[in-house]
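Q: Attaching a single structure in structure tokens format; questions to follow.
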Amino acid sequence: MLAHGSYVIATAENLPPAEGTERLDCLATALNEINEGVIFLNSDPQIVWYNRAFDKLTVENREGLVLVAAVIELAKDFRQDLRLSHDIGKDNNSYSTSRSVVAGGISHRLHCTLMPKGMFGAEAYLLCLVKRSASRWSSYEQHLRQTWSLTEREAQVAVECLQGKKNLEIAECLKISVETVNKHLDKVYQKVSVRGRSELASRLLDSSIM
């Protein structure tokens, strides 16, 4: 479920008419299969729909509300720019904007575009794409998984450990218990054949691509 906050999710009366809803449902089936977050917003702007990837982004990020607020703020600014330009009636397909936002220490790129009028009803809805920017640490997670056969979560814990975070901090960041962090670290130690954090840092960074 999307991280709760002060933003507004559209209610039934704000949703597209029946024909538009059918089109949205059809498109949603495909958009739920991609890794980037996708959100549709109406003119208020209120969130009309979001895909599973965006839900995952907001729930897993300790500052998920910041990400949601950034999407809505971008949509508001975009609508205002369109009104100020007086060009909204010319060629809606040509309008788009983007910006970067940092939430939970992670950089994201937001892209917003105006959907054609009539696609989901009389109103022109906004589509926002949220992409988590690849960082050196996220690339390093992939490196650890391939080199040491770590699971996704084990690699995440290992990277947090290499950044100097204590087990409690890792647990809070990844939204898991300290006991679970300990279990993952034990698995990492076994796979990498080390006895503790110091040896782990030395062994992993020796094989680093960073």
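Throughout, read-outs are computed from the coordinates displayed, never taken from laboratory work. Everything numeric here is computed off the predicted structure, so don't read it as measured data. All Cβ positions, even for glycine, are placed from backbone atoms using ideal geometry, and neighbour counts span all protein chains on display.
Q: Testing the spin-label approximation: label points 7 Å from Cα along Cα→Cβ at Ser96 and Gln190. State their distance in nm.
A: Going by the 7 Å Cα→Cβ label model, 4.7 nm.
Q: Here's a follow-up. Full extension from Glu179 to His111: what is 0.36 nm times the residue separation minus their Cα-Cα distance, to one decimal in nm?
A: Here the segment from Glu179 to His111 would lengthen by 20.6 nm.
Q: I've got another one for you. Can you pull the semi-axes for the stretch 136-206, root of five times each eigenvalue of the Cα gyration tensor, sorted largest first, whole Å?
A: Each semi-axis is the square root of five times an eigenvalue, giving 17, 13, 11 Å.
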